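K.L.:
Structure in structure tokens, see below.
The values are calculated or read from the model by the stated rules, or taken from the named source; none is laboratory data. Keep in mind the model is a prediction, meaning the values are calculated, not measured. Cβ sites come from the backbone with ideal geometry, for glycine too, and all protein chains shown count toward neighbours.
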Amino acid sequence: MLIGDVARRSGVSARMLRHYESLGLVRPTGRTDSGYREYSGEDIRRIFHIESLRSLGLSLRDVGRALDDPGFAPVELVDDLIRQTRDRIAAETELLTRLRRIGAAEPVGWEDVLQTVALLQALESKSAGTRQRAALSAGEEVSVPVEALVEAVLSESDPNVAGALRWALVQSGEDGLALLAEGLGSAAAEVRKRAVQSIAEIPNGEATALLQDALANPDVVVRRYAALALGARGAADAVPTLIDMIVEEVNDADAADALSALASDPPLADQIATGLVDCLAHGTVGPSARRRLTQALADVPGITTSRALADLSHDEDRAVALTATYILTLRETRR
């Protein structure tokens, strides 16, 4: 079969067949009387073998080794090809993500594209200062896709940069909430923590609903951050978690402040007082926890609190009794 026929049937151009010949990969078995290359059936089979191996990503050099070296072991080369392919896919995925983000910014001209690229690169900088400046400039001159901001805030370890990124997310509106909600289910504890912290700074009903759902999150850190944020928003369902925080001495001062804010609502004040008193009566609560619970009653108005403090003023724990007596004295003075 002549080279033109081989090219048509194999899909390999005549020029590439000549290149294969120059590399010694496949040589025509013979020549016609006119001097044209003539390929045998075995030659054609070898051409198809070459193309099959090239389709796996092998270089022509490795193709030659694979076909001609009897001792050639494919395992190591295949493993290397797998690694190279994974790296290439990762690079292509990163490029695709960046292109999508640029498209989401809806650039008007190439100047907008260049500015968006520069800002995205700044958000990925190793310099915390550069990342912080990029976060603070987001939305001022260049529109930054909210997906990029969410990814940045969920991976940011520097507290100052994280604060700037959360601010930028608030400025961007509600679009990032769905992505942040996904962060609450991350396998990484730090990502879950950053997600709930970011949601807590978005002041709208959808964020509040996500925080209320977070009260049932398996991660206790997520539950606590959600409770603190909900307490500031007047959500009664945060009360049990806030009381637990006082008992466990985890951000207990912040938890007490949140309970105090909630207690400005009279029905909630009775609910909070009852919850604190119930914990005080629990036999497994230690002395230091009982003192903190008693102190938390100081900013909870209402008759339920007054009665509880009167009882506690005779508590067998002298520190608890003195604390309750002092709080009662202050409440009498304020009347």
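K.L.:
Taking the criterion of being within 18 Å of SER10 (Cα to Cα) and free of Cβ contacts under 8 Å to residues at least 40 places away in the same chain, would at least one residue in the range 62-73 satisfy it?
P.N.:
yes
K.L.:
Please work out if ASP299 is acidic (Asp, Glu), surrounded by 17 or more Cβ atoms within 10 Å (Cβ to Cβ), in the same structural domain as CYS279 (by TED's automatic domain parsing) and under 44 Å from the mean Cα position of the chain (by Cα).
P.N.:
Yes.
K.L.:
Is it the case that the range 144-163 has a residue that's without any contact (Cβ under 8 Å) to a residue 24 or more places away in the chain, touching a helix residue (DSSP H, G or I) at 6+ places or on another chain (Cβ under 9 Å) and more than 23 Å from LEU96 (Cα to Cα)?
P.N.:
Looking through the range 144-163, at least one residue is without any contact (Cβ under 8 Å) to a residue 24 or more places away in the chain, touching a helix residue (DSSP H, G or I) at 6+ places or on another chain (Cβ under 9 Å) and more than 23 Å from LEU96 (Cα to Cα).
K.L.:
Filter the range 155-189 for residues that are over 24 Å from ALA238 (Cβ atoms) and among the polar types (S, T, N, Q); which is surrounded by the most Cβ atoms within 10 Å (Cβ to Cβ)?
P.N.:
So the residue we want is SER172.
K.L.:
Please find, within the range 112-135, the residue that is surrounded by the fewest Cβ atoms within 10 Å (Cβ to Cβ) out of those that are among the hydroxyl-bearing types (Ser, Thr, Tyr) and more than 18 Å from the chain's Cα centre (by Cα).
P.N.:
That would be SER127.
K.L.:
Return a yes/no flag: does the range 96-110 have any residue that is modelled with pLDDT of 85 or more and either within 28 Å of GLY205 (Cα to Cα) or not aromatic (Phe, Trp, Tyr) (or both).
P.N.:
no
K.L.:
A further question on this structure: Where residues in the range 92-111 are more than 19 Å from the chain's Cα centre (by Cα) and in contact (Cβ under 8 Å) with a residue 12 or more places away in the chain, which of them is surrounded by the fewest Cβ atoms within 10 Å (Cβ to Cβ)?
P.N.:
GLU106
K.L.:
Is it the case, given these coordinates, that THR329 is surrounded by 15 or more Cβ atoms within 10 Å (Cβ to Cβ), among the polar types (S, T, N, Q) and more than 30 Å from ARG194 (Cα to Cα)?
P.N.:
It is false that THR329 is surrounded by 15 or more Cβ atoms within 10 Å (Cβ to Cβ), among the polar types (S, T, N, Q) and more than 30 Å from ARG194 (Cα to Cα).
K.L.:
Which of the following residues is over 17 Å from the mean Cα position of the chain (by Cα), in contact (Cβ under 8 Å) with a residue 12 or more places away in the chain and surrounded by 22 or more Cβ atoms within 10 Å (Cβ to Cβ): ARG233, ARG192, ARG224?
P.N.:
Criteria check complete, one pass: ARG224.
K.L.:
Looking at (1) under 30 Å from ALA269 (Cα atoms); (2) at pLDDT 95 or above; (3) under 17 Å from the mean Cα position of the chain (by Cα), can you tell me which one THR241 breaks?
P.N.:
Answer for THR241: the failing condition is (3).
K.L.:
Just the residues that are touching a Ser or Thr at 6+ places or on another chain (Cβ under 8 Å) and surrounded by fewer than 21 Cβ atoms within 10 Å (Cβ to Cβ), please, taken from the range 195-207.
P.N.:
Selection gives nothing.
K.L.:
Run down ASN217, ASN204 and say which single residue is modelled with pLDDT of 95 or more, polar (S, T, N, Q) and not assigned by TED's automatic domain parsing to the domain that holds THR305.
P.N.:
ASN217
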